[in-house]
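The values are calculated or read from the model by the stated rules, or taken from the named source; none is laboratory data. The model shown is predicted, which means the values in this text are computed figures rather than measured ones. For neighbour counting, all protein chains shown are included, and Cβ atoms are generated from backbone atoms with ideal geometry for every residue, glycine included.
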Amino acid sequence: MLKIAVVILNWNGEALLEKFMPSVTEFSKEADVYVADNASTDDSIAFLKKNYPEIGIVQNSSNGGYAKGYNDALPHIEADIYCLLNSDVEVTKDWLTPIIKEFEDNPLASIIQPKILDYKNKAQFEYAGAAGGFIDKYGYPFCRGRIFNELETDNGQYNDGKEIFWATGACLFIKADVFRELNGFDEDYFAHQEEIDLCWRAKNKGHKVYYVGESEVYHLGGSTLSSMNPKKTFLNFRNSLFSLVKNLPARKVFPIVVLRLVLDGLAGLNFIFQGRFKHFWAIIKAHFSFYKNFWTIYKKRENACFTGDYYLIKSIVWAYYINHVKIFNNLVKD
């Protein structure tokens, strides 16, 4: 039997723990449950000790965000498989069973995500992961069930199992030895898109990432930073550029990054037309942070030799805004 550890990262999330912990403890009997606390200043720890004394607690010394939070906590947890679960996720009965079966039956599977549905509208896919993630040639992420802000209704169209490019950090299963092999998350990301980088690095080393549609969870989303927060825009744009520099084949880095910067400029103009000037400024700041950190990030390139096509289509921007494709299954793969 595989030893599974469900690890929930928490920072001042007492209200979320109170709301979502009951489903985790009720439906995760096959696993040990832990909370990795990022130096909370609320009563999260007291709440857990009083109401869930059976749960393991790892207390980090600082709030290093998602990346450092898990990097600091996971070495203290013994398991074959880590499930990195957001504190705002409701799990369902038997959600672990098909995930465990996939790991047992498929030795190539190193990282897995379940189906991610919207807690607020349970018939709809949720933004952060949906039915598995992909990127285009320029590093823009999208999902089966979600292209940009267009969310599909779950009609069973993604009830399959499928190899994907990236798994959502909202509910990410990873073999413990693979996490160690990759030296965990890149802490320069702080939060957002570090899971894409992790999955890309894993694929560069020959590992595979899968989606298992038989397992379902419901994600509230936006509990740390909402999509309306310019800080999230900053992190998403900057960190996506980081991932391109770290993981693209060497001959593709500079031409693709230059084109990506141009596309980001167009995205910034779109924010101006929408009157979202703080988000436009966030892209500017993301680019300057990228320039400042370029050589630091470039030096992290290791085994960036993924031989397959890393992207599903050349441009999700073109597909969405020019060809008006809003449904994943209508995309024409390049």
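Tell me which helices (runs of 4 or more DSSP H) are completely within the range 12-73 and hold 2 or more residues being closer than 27 Å to residue 193 by Cβ, or say none if there are none.
14-27, 65-73
Those residues that are in a helix (DSSP H, G or I) and either of a type in the set (Phe, Trp, Tyr) or crowded, with 24+ Cβ neighbours inside 10 Å (or both), I need them from the range 182-198; list them, please.
Hits for the range 182-198 are 189, 194, 195, 196, 197, 198.
Right, residue 131: more than 30 Å from residue 254 (Cα to Cα) and either assigned to a loop (DSSP other than H, G, I, E, B) or at pLDDT below 95 (or both) or not?
Considered against the rule, which asks whether it is more than 30 Å from residue 254 (Cα to Cα) and either assigned to a loop (DSSP other than H, G, I, E, B) or at pLDDT below 95 (or both), residue 131 comes out as yes.
Can you find a residue in the range 190-206 that is among the aromatic types (Phe, Trp, Tyr), touching a residue at least 60 places away in the same chain (Cβ under 8 Å) and more than 16 Å from residue 106 (Cβ to Cβ)?
yes
With of a type in the set (Gly, Ala, Ser), closer than 24 Å to residue 266 by Cα and over 12 Å from the mean Cα position of the chain (by Cα) as the only criterion, which of 139, 156 stands out?
139
Picking from 51, 60, which residue would you name as being among the polar types (S, T, N, Q) and surrounded by 16 or more Cβ atoms within 10 Å (Cβ to Cβ)?
Just a single option satisfies the conditions, and that option is 60.
Being assigned to a helix (DSSP H, G or I) and surrounded by fewer than 17 Cβ atoms within 10 Å (Cβ to Cβ), is that true of even one residue in the range 105-118?
Scanning the range 105-118 turns up at least one residue that is assigned to a helix (DSSP H, G or I) and surrounded by fewer than 17 Cβ atoms within 10 Å (Cβ to Cβ).
Here are some residues: 246, 292, 278. Which one is assigned to a helix (DSSP H, G or I), among the basic types (Lys, Arg) and either loosely packed, with under 12 Cβ neighbours inside 10 Å or free of Cβ contacts under 8 Å to residues at least 12 places away in the same chain (or both)?
Checking each option against the conditions leaves just 292.
Go through (1) of a type outside the set (S, T, N, Q); (2) on the phi > 0 side of the Ramachandran plot; (3) in contact (Cβ under 8 Å) with a residue 12 or more places away in the chain one by one and return the number of the condition residue 156 breaks.
(3)
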